[in-house]
Amino acid sequence: MDYYKFGQRIRKLRKARGLSQEMFAEMLDISVTHMSHIETANTKMSFSLVRKIAEILDVSLDYLVYDKERNENSFSQQLAEITSNCSDKDKRIILDTVKAMVDSFEVNNSNN
């Protein structure tokens, strides 16, 4: 496992959720220094901490460790990441747009 990429993935996910290192470290019950060392690959961590990080960031362990899903949830997680900074109103607009697109695909495919 590439610990540097792993740490950078954690950093990216943390920032996408609007969490500072201080906030995230507090949620994990670790020091800010330890959090910094995780993100810069200057330390290794226990499995229980990796699991807790995945839970808080709301991603699977596969996604966190391998940067990909081994199941069908990758689209859901990508969508969650993309919309993580959107308001509920914006998310509703996005959902309605996707529904309209799917309906249009179904109509167009049934005509062929």
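Here the Debye sum runs over all C-alpha atoms of the stretch 1-70 as equal scatterers in vacuum, and log10 of I(q)/I(0) at q = 0.18, 0.19, 0.20, 0.24 Å⁻¹ comes out as -0.59, -0.66, -0.74, -1.13.
So if I place +1 on the C-beta of Lys and Arg and -1 on the C-beta of Asp and Glu, and nothing else carries charge, what would the dipole magnitude of the stretch 72-112 be about its Cα centre? I want it in debye, nearest 20.
Rounded to the nearest 20 debye, it is 120 debye.
Approximating the spin labels as points 7 Å out from Cα along Cα→Cβ, the Ser110-to-Leu95 distance works out to 2.4 nm.
Only lysines eight or more places from Lys12 in sequence, or on another chain, were considered; those with a Cα closer than 27 Å are Lys44, Lys52, Lys68, Lys89, Lys91.
Any chance you could run the full-extension gain for Leu28 through Ser48? It's 0.36 nm times the residue separation minus the Cα-Cα distance, nm to one decimal. Provide the component values of the computation, followed by the final result.
Details: separation 20, 0.36 × 20 = 7.20 nm, distance 1.05 nm.
Length difference between fully extended and current span is 6.2 nm.
Charged side chains reduced to their Cβ positions (Lys and Arg at +1, Asp and Glu at -1) give the chain a dipole of some 300 debye around its Cα centre.
Just so you know, all these numbers are worked out from the coordinates, no wet-lab data involved. Bear in mind that the values here come from a model prediction, so they are computed numbers and not experimental data. Here Cβ is always computed from backbone atoms with ideal geometry, including for glycine, and neighbour counts include all displayed protein chains.
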